[in-house]
1. Where both residues lie in the stretch 41-128, what percent of DSSP beta bridges are antiparallel, nearest 5?
2. Heavy atoms only, 1.4 Å probe, whole protein assembly: order 56, 18 by accessible area, highest first.
3. Using amide H atoms built 1.01 Å from N in the peptide plane, name the residues 5+ places from residue 177, or on other chains, whose amide H lies under 5 Å from its own.
4. Keeping all protein chains in the complex and leaving out DNA, RNA and ligands, what accessible area do you get for residue 207 with a 1.4 Å probe, in Å² to the nearest 10?
5. Please turn the phi angles of the stretch 33-46 into ³J(HN,Hα) values with the Karplus equation 6.51 cos²θ - 1.76 cosθ + 1.60 (θ = phi - 60°), one per residue in order, whole Hz, x for glycine and proline.
6. Arrange the residues 292, 59, 233 by how much accessible surface each exposes, largest first, with a 1.4 angstrom probe.
7. Tell me which residues come under 5 Å, amide H to amide H, from residue 124 once H is placed; ignore anything under 5 positions away on its chain.
8. Under the rule a/c < 1.5 gives rounded, and otherwise a/b versus b/c splits prolate from oblate, where does the chain land using the Cα gyration tensor?
Amino acid sequence: MAEKIGIAIHGGAGTILRSKMTSEKERLYSKALQESLTAGWDCLSSNKSSLDAVERAVEILENNSLFNAGKGSVFTNEGTHKMDASVMDGKTLKAGCVSSVSNVKNPVFLARKIMDNSPFVLLSGKGAKEFAEKMNLQFEDDKYFFDEYRYEQYLNAIRGDSVELDHSENTDGKKFGTVGAVALDCNGNLAAATSTGGMTNVKFGRIGDSPIIGAGTYANNKTCAVSCTGDGEYFIRSVAAYDVSALMEYKSLSLADACEMVVHKKLKNIGGEGGMIAIDKDCNIAMTFNSEGMYRASRKTNSDIEIKIFDDN
Ligand code: ASP
């Protein structure tokens with residue numbers, strides 16, 4: 001049995017301006033993060049696996065329209081919702097990922113089913129939906145995913161012919177993002193999960209980093225578990241999540257130093273904005289970002305719960 005258990009979650013990083021944050025909004029975000037963190041923590045403290053914990057924490061965030069994942073997913077150029085998600089098991093290095101799927105209530109469940117019940121790692125679109133049906137996952141109609149605010153975001157993006165990250169600067173401060181969780185369980189196993197609705201007004205079947213193992217998500221019991229959020233293209237080009245693990249494994253960097261190097265040097269040097277949450281096999285937690293803010297929370301044995309949005313709080 002490991003001496004310590006721990007979990008960290010995020011709800012997106014980006015241009016989250018303090019000037020546009022009301023105390024009511026802050027309260028809602030904090031409440032949502034707390035709810036997700038507690039659900040994940042309850043799994044870990046009742047000796048469930050880190051995989052169960054990250055799946056449960058992400059499920060809660062997917063069901064909350066504050067975040068750009070599941071119910072709160074943004075609109076694509078065609079006015080649809082296409083969702084991506086991934087999970088990775090640090091013990092076996094197994095992974096399950098789904099891309100561009102519609103109407104599945106919880107894409108993170110589908111990613112887990114792909115990992116546990118198929119010989120594949122990444123399924124997409126129509127085929128992924130067929131597999132979800134076969135697994136008896138819950139579906140919701142388009143109405144469930146409709147959100148007035150997101151629809152306005154979409155119309156604005158269409159007018160300006162722009163593709164927008166959910167939390168990019170020219171949206172009005174009501175910015176929410178991709179979600180993710182990483183955890184260490186009582187057996188010393190690490191796991192990571194990430195889920196997203198992608199980018200508003202996105203075209204041509206673009207896929208970001210979230211469903212790509214090594215880019216947006218990675219877990220390895222030898223090193224750490226990582227979940228990313230930000231400009232997906234840069235995270236893919238940097239193989240960001242895996243790079244944290246590789247820096248630890250091959251260069252013996254600490255978790256904090258590896259995250260710092262990837263987020264503040266490697267990503268920044270090529271213009272990539274965003275952040276990541278990570279936990280290592282010794283239960284160290286890092287929540288590192290190079291943007292204005294990142295919705296984030298963490299809890300571990302013998303430490304206080306941390307729920308933060310900006311750099312300093
Ligand atoms: N990384 C996600 C993507 O590029 C977006 C986000 O983090 O909000 O699809």
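1. 60 percent
2. Result of the area sort, largest leading: 18, 56.
3. 68
4. So the heavy atoms of residue 207 present about 70 Å² to solvent.
5. Karplus-based 3J(HN,Hα) across the stretch 33-46 equals 5, 4, 4, 5, 4, 5, 4, x, 4, 4, 4, 5, 6, 9 Hz.
6. Largest to smallest exposure gives the sequence 292, 233, 59.
7. 99
8. Since a/c stays below 1.5, the shape of the chain is classed as rounded.
The values are calculated or read from the model by the stated rules, or taken from the named source; none is laboratory data. Quick caveat, the model's predicted, so the values are computed rather than measured. Cβ sites come from the backbone with ideal geometry, for glycine too, and all protein chains shown count toward neighbours. These accessible areas exclude ligands, DNA and RNA; they are computed on the full protein's heavy atoms, side chains included. Shrake-Rupley method; radii C 1.70, N 1.55, O 1.52, S 1.80 Å.
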